[in-house]
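The values are calculated or read from the model by the stated rules, or taken from the named source; none is laboratory data. Fair warning: this is a prediction, and the values are worked out from it, not measured in the lab. Here the Cβ positions follow ideal geometry from the backbone for every residue, glycine too, while neighbour counts run over all protein chains shown.
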Amino acid sequence: MTNNSSRKVALITGASSGIGAVYAARLAARGYDLILVARRADRLEALCAQLSKAHGIKAEPIMADLTKDQDVARIETVLSTNKDVRVLVNNAGLARLAPAAQMPVNDVVTQITLNITALTRLTQAAVPTFVARNQGLIINIASALAVHSLPISAIYSGTKAFVLQFTRGLQQELAETGVKVQLVLPASTATEIWDLSGVPLAALNQETLMTTEHMVDAALAGLDQGETITWPSVADASLWEKYEAARSELFAGTQAGMPAPRYKIG
Ligand code: NAP
């Protein structure tokens, strides 16, 4: 499969607000044409018009509800047929923060469907084209809650833990190709997700909140430095190395083939 086009397109999900809208602006500034995906057409259209004018790029809005099978299928088709797509930013996400047992089942299912199923399907659609070209970039937005659960975040943390493990596995699968996969794990970032989550932004410790611009610029700086895992707010990078080393040691410790001595009866 060859592609002689010089166009480079970035497809960003959840680009109508917050982190995704800043990714759109930053990638437009880097010369990417854009395909912006979300449900709110008015916001997408306004952003496309603004970024096209500011950066002389082409920007196309696609209205899609990524919790709906047929809408995910439309974006899968774009990813598998538009050979100009060089970057996929899997950013669309939803948080509903409440005890799992009290959460309406619809809130549970939509979080899992958007944060896990849509992200996985869109990645699967993009990978074959990227591998065939031996080039491409997937940016998966997880969360610091991928490694941390709160009494109100069992579902959300679980979805982001999936993104963490899925992306780590994918990075290994694609290690011998020219396709890059970056995992980004933001901590609290000032976006609309909070007010929608049930925990208002104003209720958070404001000192722990990052702006969307700082978050995305740090993540892109990490990408430019060749990082595959980026913790935008973590000053001490050795913390992740220690976490990985402990995780690896724990996994090695599971490979014993026998119950641990403390579980031996008699
Ligand atoms: P946001 O401003 O609420 O943006 C979420 C985006 O996802 C919006 O563009 C929204 O667009 C889109 N979206 C929501 N439901 C959708 C659906 N059913 N179909 C298609 N698109 C949908 O929140 P954000 O903080 O920027 O979130 C972006 C990502 O960052 C998420 O994956 C989130 O989990 C992650 N994250 C955020 C924080 C934080 O503190 N803000 C921290 C860690 C990770 P429409 O409503 O127009 O569809």
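The figures follow:
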read-out	value
Test result for Leu250, at pLDDT 95 or above and in contact with a helix residue (DSSP H, G or I) (Cβ under 8 Å, 6 or more places away or on another chain)	no
Any chance Ile57 is among the β-branched types (Val, Ile, Thr) and in a loop (DSSP other than H, G, I, E, B)	yes
Filter result (near the ligand (Cβ under 10 Å from one of its atoms), surrounded by 16 or more Cβ atoms within 10 Å (Cβ to Cβ) and within 18 Å of the chain's Cα centre (by Cα)) within region 189-228	Thr189, Ala190, Thr191, Ile193, Trp194, Ser197, Met210, Thr212, Met215, Val216
Sole residue being within 18 Å of the chain's Cα centre (by Cα) and not aliphatic (A, V, I, L, M), chosen from Asn106, Asn140	Asn140
Selection from region 208-264 of residues that are in a helix (DSSP H, G or I), without any contact (Cβ under 8 Å) to a residue 12 or more places away in the chain and of a type in the set (A, V, I, L, M)	Ala221, Leu239, Ala245, Ala246, Leu250, Ala252
Meets criteria (in a loop (DSSP other than H, G, I, E, B) and in contact with a helix residue (DSSP H, G or I) (Cβ under 6 Å, 6 or more places away or on another chain)) for Leu94	yes
Residues (within 16 Å of the ligand (Cβ to nearest atom) and either over 24 Å from Trp231 (Cα atoms) or under 9 Å from the mean Cα position of the chain (by Cα) (or both)) located in region 122-137	Ala125
Qualifying residues in region 143-152 (those that are part of a helix (DSSP H, G or I) and surrounded by fewer than 20 Cβ atoms within 10 Å (Cβ to Cβ)) - the one nearest to the chain's Cα centre (by Cα)	Ala144
Failed item, numbered, when Thr81 is tested on (1) farther than 30 Å from Ser149 by Cα; (2) under 16 Å from the mean Cα position of the chain (by Cα)	(2)
Test result for Val72, in a helix (DSSP H, G or I), over 18 Å from the mean Cα position of the chain (by Cα) and not hydroxyl-bearing (Ser, Thr, Tyr)	no
Residue satisfying all of: in region 21-51; without any contact (Cβ under 8 Å) to a residue 24 or more places away in the chain and over 26 Å from Ile116 (Cβ atoms); farthest from the ligand (Cβ to nearest atom) among these	Arg30
